[in-house]
1. Can you tell me which condition residue 63 does not meet? The list is (1) closer than 20 Å to residue 137 by Cβ; (2) within 19 Å of the chain's Cα centre (by Cα), and all the others hold.
2. Applying the selection to region 47-72, what residues are outside any strand (DSSP E or B) and buried (at least 20 other Cβ atoms within 10 Å of the Cβ)?
3. All but one of (1) touching a helix residue (DSSP H, G or I) at 6+ places or on another chain (Cβ under 7 Å); (2) in a loop (DSSP other than H, G, I, E, B); (3) within 23 Å of residue 124 (Cβ to Cβ) hold for residue 182, so report the exception by its number.
4. Under 7 Å by Cβ, and 6 or more places apart or on different chains, what pairs join a residue from region 123-137 that is under 10 Å from residue 84 (Cα atoms) with one that is charged (D, E, K, R) and surrounded by 24 or more Cβ atoms within 10 Å (Cβ to Cβ)?
5. Note down all Cβ pairs under 7 Å where the first residue falls in region 167-190 and is within 15 Å of residue 291 (Cβ to Cβ), the second is of a type in the set (Phe, Trp, Tyr) and crowded, with 20+ Cβ neighbours inside 10 Å, and they're at least six residues apart or on different chains.
6. Looking at region 129-152, which of the residues that are in contact with a Phe, Trp or Tyr (Cβ under 8 Å, 6 or more places away or on another chain) and of a type in the set (A, V, I, L, M) is surrounded by the most Cβ atoms within 10 Å (Cβ to Cβ)?
7. Which residue out of 192, 155, 167, 227 is at pLDDT 95 or above, on the phi < 0 side of the Ramachandran plot, surrounded by fewer than 23 Cβ atoms within 10 Å (Cβ to Cβ) and not hydroxyl-bearing (Ser, Thr, Tyr)?
Amino acid sequence: MANIYTLRAFFSGQWSSTARLEGKTVIITGANTGIGKETAKDLAKRGARIILACRDVEKAETALKEIIDESGNQSIVVRKLDLSDTKSIKEFADVIKKEESQVNILINNAGVMMCPYSKTADGFEMQFGVNHLGHFLLTFLLLDLIKRSAPARIINVSSMAHSWGTIQFEDINSEQHYHSRRAYGQSKLANILSTRSLANRLKGSGVNVYVVHPGVVRTELKRHMNIPLLIMWKVVRPFTKTIVQGAQTSIYCAVEPTLDTQSGEYYSNCAPASCSRAARDDDVAEKLWDLSCQMLGITWE
């Protein structure tokens with residue numbers, strides 16, 4: 001069955017399912033643009049309540065109107081979330097826990113890619129801070145609510161670019177040496193490793209965790225590419241995915257019923273996929289878990 005889904009996703013660019021999500025609440029980070037917005041549209045059409053968790057509220061409000069117009073679903077809201085600031089993450093989580101009685105699906109989709117060196121409000125290297133630590137903290141803060149909402153799912157958006165990086169434990173914030181491509185790879189590798197660790201911790205809870213590679217997608221993430229990479233992008237662009245195609249694996253992991261018995265796996269083209277050896281190293285995953293908790297000042301039992 002997985003092979004059929006893979007072929008359908010690859011050739012038609014869209015995974016097909018009639019699964020409905022009435023009565024379910026979904027949070028999607030970075031849902032004002034790109035595959036996040038496309039994922040929100042699809043899940044809204046399935047009847048879910050959608051929370052667009054976005055840094056740019058004005059853009060998110062525009063996206064909200066578009067999603068409502070296309071889906072006919074009025075249960076869409078915008079809530080401010082800046083993943084580069086732990087204060088904003090905590091404020092967002094407080095709002096969700098106050099306003100929402102359940103969170104059935106959390107899609108950690110937002111990200112930055114190969115940006116010039118900068119730091120988050122808390123002093124973390126931007127790509128590691130937003131792509132990994134921001135979502136790590138968000139998941140931690142919402143996990144009790146997600147557990148109470150079980151069966152529930154958490155989807156982390158990674159990338160094949162995880163193979164570009166290693167976890168630089170001695171220079172986790174790239175202060176000694178910064179290479180935007182490797183730092184991006186480190187953050188995406190961290191997404192997979194933390195998914196594996198979280199899945200182990202959530203066994204028997206009714207909460208499953210998945211990590212996805214959406215494909216090489218035509219999104220705004222390429223805005224920080226240097227000239228050589230932009231030239232390469234023009235060459236490979238005909239072989240890349242549209243935003244609709246890129247959203248399919250996130251949607252698949254959010255709704256496919258057969259995944260109820262799966263957790264901690266890596267998916268691409270709506271099917272299980274192979275990740276790098278480094279991404280399967282559980283010792284490194286646990287070391288990263290401990291370091292992440294230390295950096296964020298949290299205790300995750």
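The values are calculated or read from the model by the stated rules, or taken from the named source; none is laboratory data. As the structure is a prediction and not an experimental result, all values here were calculated from the model. Cβ atoms come from the backbone with ideal geometry, glycine included; neighbour counts cover every protein chain shown.
1. Failed condition: (1).
2. 48, 60, 63, 64, 67, 71 - these are the residues of region 47-72 that are outside any strand (DSSP E or B) and buried (at least 20 other Cβ atoms within 10 Å of the Cβ).
3. Tallying (1) touching a helix residue (DSSP H, G or I) at 6+ places or on another chain (Cβ under 7 Å); (2) in a loop (DSSP other than H, G, I, E, B); (3) within 23 Å of residue 124 (Cβ to Cβ), residue 182 fails exactly one: (2).
4. 131/188
5. 172/128; 173/124; 173/128; 186/128; 187/128; 190/128
6. 133
7. Details: 192 fails: surrounded by fewer than 23 Cβ atoms within 10 Å (Cβ to Cβ); 155 fails: surrounded by fewer than 23 Cβ atoms within 10 Å (Cβ to Cβ); 227 fails: at pLDDT 95 or above.
Among 192, 155, 167, 227, only 167 is at pLDDT 95 or above, on the phi < 0 side of the Ramachandran plot, surrounded by fewer than 23 Cβ atoms within 10 Å (Cβ to Cβ) and not hydroxyl-bearing (Ser, Thr, Tyr).
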